[in-house]
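The values are calculated or read from the model by the stated rules, or taken from the named source; none is laboratory data. Computed from a prediction, not measured in an experiment: that's the story for all the values here. Glycine also receives a Cβ, built like all others from the backbone with ideal geometry; neighbour counts cover every protein chain displayed. Only protein heavy atoms, including side chains, enter the accessible area calculation; ligands, DNA and RNA are left aside. Shrake-Rupley method; radii C 1.70, N 1.55, O 1.52, S 1.80 Å.
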Amino acid sequence: MDDFRDHPTTVRPGEEIESENLAAFLRGHFSETNGPIRIEQYRSGHSNLTYSIHQGEMELVLRRPPFGSKVKSAHDMGREFRVLSKLHAVYPPAPKVLVYCDDISVLGVPFYLMEPIRGIILRRNPPPGLDFPAATARRLSESFVDDLVRLHGLDYAAVGLADLGKPEGYLARQIRGWTERYAGSQTHEYPEAKQITEWLNDHMPSTGDVGLIHNDYKYDNVVLDPNDVSKIIGVLDWEMSTIGDPLTDLGTALAYWIDASDPEELQSIRWGPTTYPGSFTRAQIVERYANKTGRDVSDIAFYLAFARFKIAVIVQQIYYRYHQGLTKDERFASMPGLIAILLRASLRGSETGVI
C-alpha cells in the first residue's frame, strides 16, 4: 500500500537546532531515550517551526518559534502548550503535548514536545497517486465543516480555557490589531489596504455568541486518516487560538477555500484541493455550518473580507522577516504578489457582498 502520509525531511539551512543540548534534555525527561538523536523538519509551514525528533525507538514532534520573528505574541510557546494540554482530552484532534521548556539555555528559545499524528495532509493538490474521487471530496468537505462546528461547540470554561481571551470587544480589537500589525510590517504600498480597513471599521457587526476558535483552520492544518481521507484525525497549529467570535473562524476557513468558479488570480493562490469535483463551495460551507449551529450568518461577507485582510497581514509579517534578512527561506520571495491578491479579493468582497 502506498504511503501518502506527511513525512519530515532535512532541516532547512539556517533553521538547525542544537542537537546535543536537546539530547541531554530528552534524557532528563524520557526514560526510554537511547542511541543517537536524529532531527528532521516538517518544512511546509510558514510560521512556528516543527521538527521530527527520533532517539532510539522514541519519536516526538518539537515546536519552536521561527528564527528572526519579533512578534512574540504570535509565537508564545507556553500559551500554545497550555491550550493543547487542556484541549486534547475533550477534542482529540488536538495534538497531545508532553513537555514544555522555557529554559533558553537548551535551544535559545522556549519550545514544547508532543506526540506525532501520523496521517495525510492535503496541500494544493492531493499527493500523486492518492485516489480523491468526488464522493471522497464531498465527505471530506462535510467533515471539515463538522469538525469546526464541534470545536465551536465546546464548553471552553469547563475545559479550563476561560481566561484564554477577552470576548468583549473581540472584533474591534481584532480589526485594530491587524491594522497595526500591517503598518508595523509594511514593505510595499497597497492602496487596497487603507480602503479595506476603513470599510471594516464602518461595517463591523455586533458580536453574538463566543467560543473557542482555532483562527487558522484550513486543509493543510488538518491531518487525515491514511485509511479514509474523509476523516480528520488531527488539527495542527494552535498558535492563534483564542476565545472569540466563531464567525471569524468560519471566515478564515472560507478565505483559504477557493471555489472552482473563482477568478484566475484566486485560483493561482489555491491552498488546497478545494476546486476538485465533489468539493463544497464556500456557500455550501456556510449553509452547512449555519444548519449545524443555528448561528446567524447574514454578515458572513464581512467576516470573509476581514479574514482575507488578516491573512494578507500574516503573509506580510512573514515577508517582512525575509525582506529584513532575518530568514533566508526563498519561499517567501514571491509573497508581495500573494498579499496583493488577498487585499484585492478582500476589497472586492466588501464591495459586492459575494462570498
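Carbon-plus-sulfur fraction of the accessible area of the chain, 1.4 Å probe, in percent? Carbon and sulfur atoms account for 49 percent of the accessible area of the chain. Amide H contacts of residue 272: 258, each under 5 Å away and 5 or more positions distant or on a separate chain (H built 1.01 Å from N in the peptide plane; Pro and chain starts excluded). Against the main long axis of the alpha-carbon atoms of the chain, helix 170-185 sits at an angle near 70°.
Taking each of 96/218; 194/292; 96/194; 96/231; 166/218; 86/218 in turn, the alpha-carbon distance tops 30 angstrom for 194/292; 96/194. Of the residues 39, 318, 104, the one that moves most in a GNM of the chain with alpha-carbon contacts below 10 Å is 104. Using the Karplus relation 6.51 cos²θ - 1.76 cosθ + 1.60 with θ = phi - 60°, the per-residue 3J(HN,Hα) values for segment 32-41 come to 8, 6, 6, x, x, 8, 10, 10, 10, 10 Hz, with x marking Gly and Pro.
Against the compact-protein benchmark of 2.2 N^0.38 Å, the Cα-based radius of gyration of segment 157-218 scales to 1.38. Most fluctuating residue of 194, 231, 218 in a GNM of the chain with Cα springs under 10 Å: which is it? Between 194, 231, 218, it is 194 that shows the largest mean-square fluctuation. Consider a paramagnetic label point 7 Å from the Cα of residue 5 along Cα→Cβ; state which residues of segment 100-120 have an amide N under 16 Å from it. Those under the cut-off are 114-120. For a paramagnetic label modelled on residue 15 (point 7 Å from Cα along Cα→Cβ), amide N atoms under 13 Å away belong, within segment 317-338, to 322, 327-333.
Summarising the label geometry, the points placed 7 Å from Cα in the beta-carbon direction at residue 150 and residue 76 lie 2.7 nm from one another. Along its first, second and third principal axes, ordered by size, segment 91-231 spans 47, 46, 38 Å in Cα coordinates. Three principal axis extents describe the C-alpha atoms of segment 284-349; from largest down they are 47, 23, 15 Å. Here the 3J(HN,Hα) profile of segment 234-250, calculated from phi with Karplus coefficients 6.51, -1.76 and 1.60 at θ = phi - 60°, is x, 10, 10, 6, 9, 5, 9, 5, 6, 9, x, 6, x, 5, 5, 5, 4 Hz, Gly and Pro shown as x. Applying D = kT/(6 pi eta Rh) to the chain, where Rh is the Kirkwood radius over alpha-carbon pairs, T corresponds to 25 °C and eta to 0.890 mPa s, the Stokes-Einstein value obtained is 116 µm²/s. Distance from the alpha carbon centroid of segment 118-161 to that of segment 7-44 works out to 29 angstrom.
Computing FRET efficiency as 1/(1 + (r/R0)^6) for residue 142 and residue 265, where r is the C-beta to C-beta distance and R0 is 30 Å, gives about 0.60.
Looking at the chain, which longest stretch skips every one of the GluC sites (Glu not before Pro) that is in a DSSP loop with at most 16 other Cβ atoms within 10 Å, leaving the sites themselves out?
By the stated rule (loop sites, at most 16 other Cβ atoms within 10 Å), 190-355.
Under a 5 Å amide H cut-off, with hydrogens placed 1.01 Å from N, residue 231 pairs with 225 among residues at least 5 apart or on other chains.
Distance between the 7 Å Cα→Cβ label points at residue 99 and residue 354: 5.5 nm. Our summary gives segment 166-301 a relative contact order of 21 percent, counting only alpha carbon pairs under 8 angstrom and 6 or more residues apart. The ratio of the alpha-carbon radius of gyration of segment 217-355 to the globular-protein estimate 2.2 N^0.38 Å is 1.10. When the surface is traced with a 1.4 Å probe over the full set of protein chains, residue 240 keeps roughly 40 Å² accessible. Placing 230, 261 in order of accessible area, with the largest value first and a 1.4 Å probe, yields 261, 230. Distance from the Cα centroid of segment 245-284 to that of segment 165-226 is 17 Å (rounded to whole angstrom). Over segment 16-161, accessible surface divided per residue gives 45 Å², non-protein components excluded, 1.4 Å probe.
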